[in-house]
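The structure appears right after this line, and notes come after that.
No value in this document is a laboratory result; all are computed from the given coordinates. Predicted, not measured: the structure shown is a model, and the values here were computed from it. Every residue, glycine among them, receives a Cβ derived from its backbone with ideal geometry; neighbour counts consider all protein chains shown.
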Amino acid sequence: MSNWPSDAKKRVRSSVIIDHAPLVAIGGIAATVVIASLLTLAGASAVSVLGAVVVTSAATALVTHWAASGQRRRLERLIDDQRHELEHWQQRWRELQRETQEATSALSRMRDGVIMLSGEAKILLINPAARWLLRVAEDLDVNLRPFAEVVRIPELTRAIAAANAGDGIQKLLVEVPHDDRVCPVKIRVDRFAVTGNNSLLITLRDETESHRLDEMRREFIANISHELKTPLAAIKGYAETVELAIKDDPDAAVHFMTQIHSQCLRLERLIADMMQLARAQAGRSHLNIVSISMVDAIAESMKSYRPVAEAKRVKLEFRPSDSTPVVRSDPEAMLTITNNLIGNAIRYTPEGGSVTVSCRDAGKFWALAVEDTGVGISETDQKRIFERFYRVGKSRGTGDGGTGIGLSIVKNLTLTLGGEVRLSSRPGEGSKFEILLPKAESSPTARQATAHSTPSHSHAVSPQPGSLPR
């Protein structure tokens, strides 16, 4: 395309010469004949006639050449102008293509659905998200087809008609059946004018995640209300009983005071665990990240939980790694993670079972594994086991002593530390929880320093039998 103007110039020049050659010849012959005739009639000599013919021919040739040159220059300027105009529109066309491709790419990658309809409610544009949300096949050609023929949702059809009639923005929530669930879709229909014609813009959003979060929020409020109500009701009942029995039956009064103390401890553990969970979710800025020995945290936790395991006749053992596992972690967070996992394993392992703690090298991480021979966890429960207040067992009796957020604390702390949580389990065959934490440079100085910095007691994770449920 860039060579076209120069080629055109050559063709135009040739055509100019070819077109003017007969005119030049005819003009020259006519002038020569006229002048020669006039001179002959006037009685001029042959030499004079010949000279006049030569002069006339030369003048004619010069005039013709000048006219042809002017015309050629005008044509060349016209060609240049056309070339510049062509280049301008070519550039504009490339820009429009790029903008169209960018807009199409953006629409195709949007998670929200977008549909544009004409004033007659025919489909002008629909992106893949809208097709998926409304169950429109990807290979179905819907261009310029009536929307009501493609999507048969009466509420949406009525909303489109109302917006098209000028009733303002239409908002609605519809439920669209998908393969394995019903998908709630939030829809907004707007009318706008394009080049004098009314068009409709439909936006769609999948509300599944929003509904799930709302459900989790409601469940959390219900759970925390129950967890607080149960011990408070028990404390109130025991206190009223003590008032009646303190004179007539001092021994019973002492028993009820012990129960009040137990319920107060339960409330204290719940509040402490909630504070620990909030700290875990607050991010790394609230943690003191240093190099610590994973073995030190395990030893501290096993020292606390060994009496609990012996009382329940559960074998608790540690299988050390060939090398010392040193990780980047917060000392208190490391102890909290270890206490929660070991406490859970002992709690869900029946009498005569075993709990094994081990470490292994996992590339960029050190892995802490706690494996038990307990009741195990079903696949359904595994999907929710790390949620706050979720229990494998649905019992809410005051005797279970659990707050239900131990594993939620473990997961949030591990993720905040840049690690990963893994779980493998089968009902009746026990469970294995594995925590991967980033490696740190191992050095005797670092290990000695961190060993002294590891807290010997943590109020949020004080080892109580069964105090850290799944």
**Q.** Radius ratio Rg over Rh of the stretch 280-341, counting only Cα atoms, Kirkwood formula for Rh
**A.** 1.04
Q) What percent does the relative contact order of the stretch 110-206 come to when contacts are Cα pairs within less than 8 Å and at least six residues apart? A) 31
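Run the numbers for residue 303 and residue 155: contour at 0.36 nm per residue of separation, minus the present Cα-Cα distance, in nm. List each step's numbers first, then the result.
Details: separation 148, 0.36 × 148 = 53.28 nm, distance 6.45 nm.
Value of the extension gain: 46.8 nm.
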**Q.** Counted charge near residue 204, where neighbours are those whose Cβ lies closer than 9 Å (Asp, Glu -1; Lys, Arg +1)
**A.** +1
Q. So what is log10(I(q)/I(0)) for the stretch 210-266 at q = 0.27 1/Å, when the Debye sum runs over its Cα atoms only?
A. -0.96
Q. With θ set to phi - 60° and the Karplus curve 6.51 cos²θ - 1.76 cosθ + 1.60, what are the ³J(HN,Hα) couplings of the stretch 97-108 in order, to the nearest whole Hz, using x for Gly and Pro?
A. 4, 5, 4, 5, 5, 5, 5, 5, 5, 5, 5, 5
Q. Can you put 182, 151, 176 in order, fewest other beta carbons within 10 Å first?
A. 182, 176, 151
Q: Set the Förster radius R0 to 60 Å, insert the Cβ-Cβ distance between residue 246 and residue 190 as r into 1/(1 + (r/R0)^6), and round the FRET efficiency to 0.05.
A: 0.25
**Q.** Taking only Cα atoms of the stretch 323-376, radius of gyration then Dmax in Å
**A.** 12.7, 37
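Quote to one decimal, in nm, the extra length available between residue 104 and residue 124 on full extension: 0.36 nm per residue of separation minus the C-alpha distance between them. Can you show the working numbers first?
Values: separation 20, 0.36 × 20 = 7.20 nm, distance 1.32 nm.
Length difference between fully extended and current span is 5.9 nm.
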Q | Approximate spin-label separation residue 422-residue 311, in nm, with each point projected 7 Å along Cα-to-Cβ | A | 3.4
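Given the C-alpha atoms of the stretch 110-206, compute the convex hull and give its volume per residue in Å³.
Working: hull volume 8.9 nm³, N = 97.
Cα-based convex hull of the stretch 110-206, divided per residue, equals 91 Å³.
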Q | For 236, 247, order by how many other beta-carbon atoms lie within 10 Å, fewest first | A | 247, 236
Q: Give the long-range amide H neighbours of residue 355: residues separated by 5 or more places, or on another chain, with amide H under 5 Å away, using H modelled in the peptide plane at 1.01 Å from N.
A: 315, 316, 317
Q. Using θ = phi - 60° and the Karplus form 6.51 cos²θ - 1.76 cosθ + 1.60, what ³J(HN,Hα) does each residue of the stretch 313-325 get, whole Hz, x for Gly and Pro?
A. 6, 10, 7, 10, 9, 10, 10, x, 8, 5, 10, 7, x
